[in-house]
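Here is the structure we will look at.
The values are calculated or read from the model by the stated rules, or taken from the named source; none is laboratory data. Fair warning: this is a prediction, and the values are worked out from it, not measured in the lab. Reconstructed Cβ throughout: ideal geometry from the backbone, glycine too, with neighbour counts over all protein chains shown.
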Amino acid sequence: MSTNDTLHIITGATGFLGRSLVNRLLDDGEKICILIRNNGDDFKTRAEVIFPGYVVKYGNRFKVINGDIVKENLGISTEFLEEIKNAKINLWHLAANLSFKCEHKEQIYQDNVRGAKNVVNLVNTLSPESTLYYTSTAYICGSKNKKCSEDETDRGQMPRNLYEKTKLIAEKIIKDNCKRKHIVFRPSIIIGDAYEGKAVGCTFGYYRFTYVFYIFKKWAIAKLRYGGFWKKILELFGAVYESKIDKLKFSRLALPFPKNSQVNLIPIDFVIDSMVKISKECQGNKTFHIVNINPPSFIFLFRELLDDLGMKGIKLIPVNPAVFNGIIKVCYFIFVPLRKYFESAIKYKPYITMRYEFSTDNMRTLELTPTDISREDIKRINKYAIDSIFPNIKS
């Protein structure tokens, strides 16, 4: 490969963010190499399913290689490493384990921490003109209740889950050990049209919490149809299901919400635009908070979700976030059939009950400012989730 060529190598290309980045770079005329591991199916078969016809459409601008981030040199063949040794490489490390579950601890550390070490070790052997782009998360700030600076990593924070902890460790590894130019992206909660494959287990961002209400509606309808104890309880709240218009109405139900809470949602289009612009214009080792400077309120999102789900007549009552947390935990113990869904919501609730402040000085330097999340944006995303994601989740 010519030393004048730039090759973009991408880990995590099959993920939500990765797919969008691949398409954007290809649209920009760039050369792409995606790293895919054998995961049940042959890596080439997986690539063809996720990126159908790309090898033919883009020719030598789209290459697929077998690899695994938990292996030395990412499991890349010595032949390919020899081929790229003099090339300018932009290595985009997007692959990550998003699980919060303690039982997944070993795999989370392997994917997020060991993976970062292996990426750094590989990048350090590449051409001095090469760059590492790492996708972290804005929530490495943990529970520390003060404004988080882009130039600050270790701020005495206490991570609230294994995902935050391992992403924080990985970011430190990169900043302390990478000998090539390196840029860190810290997005908040990315929203957009996800894809069916990511629906399994519903571990994906915004949908983790909203799925609880989708399931509650289905559960309530079933109980109203087939009677029993829970039908009587629902009728106490004035629950009526109108099947012709698929509406679940309540005349005596009030739900709490955490007052003054905001949810830092950021559209995937803005995230991709920012990452690409930063890669072209940023000259030094920097960190960027790709976040919403005017995040939507929880109550705005909650009202839109209930409306889009067809759940009518519910009164919403503002409560202190600590009280809201307690109510969620009580629901976990009361609604035994829905316990696993409430468990997921409990793990995700810090991101909707706390107010975060993120410095965006580096973003502003490049004139990167997201537009506000509109009602139309949320309705489109909710509709896609309700129609195409939630029904396919394997409960």
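Listed here are the residues, each with its yes/no results for (1) within 25 Å of ARG114 (Cα to Cα); (2) under 26 Å from the mean Cα position of the chain (by Cα); (3) not assigned by TED's automatic domain parsing to the domain that holds THR125.
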{"site": "LEU25", "(1), (2), (3)": "no, yes, no"}
{"site": "LYS31", "(1), (2), (3)": "no, yes, no"}
{"site": "PHE43", "(1), (2), (3)": "yes, yes, no"}
{"site": "ILE50", "(1), (2), (3)": "no, yes, no"}
{"site": "LYS57", "(1), (2), (3)": "no, no, no"}
{"site": "ILE69", "(1), (2), (3)": "yes, yes, no"}
{"site": "LEU91", "(1), (2), (3)": "yes, yes, no"}
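Determine whether ASP372 is surrounded by fewer than 20 Cβ atoms within 10 Å (Cβ to Cβ) and assigned to a helix (DSSP H, G or I).
Values: surrounded by fewer than 20 Cβ atoms within 10 Å (Cβ to Cβ): yes; assigned to a helix (DSSP H, G or I): no.
Spelling it out, it is not the case that ASP372 is surrounded by fewer than 20 Cβ atoms within 10 Å (Cβ to Cβ) and assigned to a helix (DSSP H, G or I).
Checked against the criterion of being within 24 Å of PHE185 (Cβ to Cβ) and either in contact with a helix residue (DSSP H, G or I) (Cβ under 8 Å, 6 or more places away or on another chain) or part of a loop (DSSP other than H, G, I, E, B) (or both), the range 330-349 has at least one qualifying residue.
Being assigned to a strand (DSSP E or B) and buried (at least 17 other Cβ atoms within 10 Å of the Cβ) is a property that ILE65 has. Scanning the range 301-311 turns up no residue that is at pLDDT 95 or above, within 21 Å of ASN90 (Cα to Cα) and either crowded, with 20+ Cβ neighbours inside 10 Å or touching a helix residue (DSSP H, G or I) at 6+ places or on another chain (Cβ under 7 Å) (or both).
Got a number for residues in the range 294-328 being part of a helix (DSSP H, G or I) and over 23 Å from ILE189 (Cα atoms)? Qualifying residue count, the range 294-328: 3. Could you list all residues from the range 142-175 that are assigned to a helix (DSSP H, G or I) and free of Cβ contacts under 8 Å to residues at least 24 places away in the same chain? The answer is LYS165, LYS172. Given the residues SER136, SER130, SER77, which is the only one that is surrounded by 14 or more Cβ atoms within 10 Å (Cβ to Cβ) and over 24 Å from ILE352 (Cβ atoms)? The match here is SER130. Can you spot a residue in the range 73-83 that is within 18 Å of PHE43 (Cα to Cα) and assigned to a loop (DSSP other than H, G, I, E, B)? Looking through the range 73-83, at least one residue is within 18 Å of PHE43 (Cα to Cα) and assigned to a loop (DSSP other than H, G, I, E, B). Among the numbered conditions (1) surrounded by 14 or more Cβ atoms within 10 Å (Cβ to Cβ); (2) touching a residue at least 40 places away in the same chain (Cβ under 8 Å); (3) not hydroxyl-bearing (Ser, Thr, Tyr), the only one that ASP361 does not meet is (1).
Considering only the range 227-246, I want to know if a residue exists there that is in contact (Cβ under 8 Å) with a residue 60 or more places away in the chain, surrounded by fewer than 19 Cβ atoms within 10 Å (Cβ to Cβ) and under 21 Å from the mean Cα position of the chain (by Cα). Among the residues of the range 227-246, not one is in contact (Cβ under 8 Å) with a residue 60 or more places away in the chain, surrounded by fewer than 19 Cβ atoms within 10 Å (Cβ to Cβ) and under 21 Å from the mean Cα position of the chain (by Cα), which makes the answer no.
A quick yes/no check of all residues on (1) small (Gly, Ala, Ser); (2) farther than 22 Å from THR360 by Cα; (3) modelled with pLDDT under 85:
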site	(1), (2), (3)
ASN118	no, yes, no
ASN124	no, yes, no
GLU152	no, no, no
ASN161	no, yes, no
LEU168	no, no, no
LYS172	no, no, no
ASP193	no, yes, yes
GLY197	yes, yes, yes
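A residue that is in contact with a Lys or Arg (Cβ under 6 Å, 6 or more places away or on another chain), touching a residue at least 12 places away in the same chain (Cβ under 8 Å) and not hydroxyl-bearing (Ser, Thr, Tyr) cannot be found anywhere in the range 75-87. Listed conditions (1) in the same structural domain as ASP307 (by TED's automatic domain parsing); (2) over 17 Å from TRP219 (Cβ atoms); (3) of a type in the set (Asp, Glu) are all met by GLU343, apart from (2).
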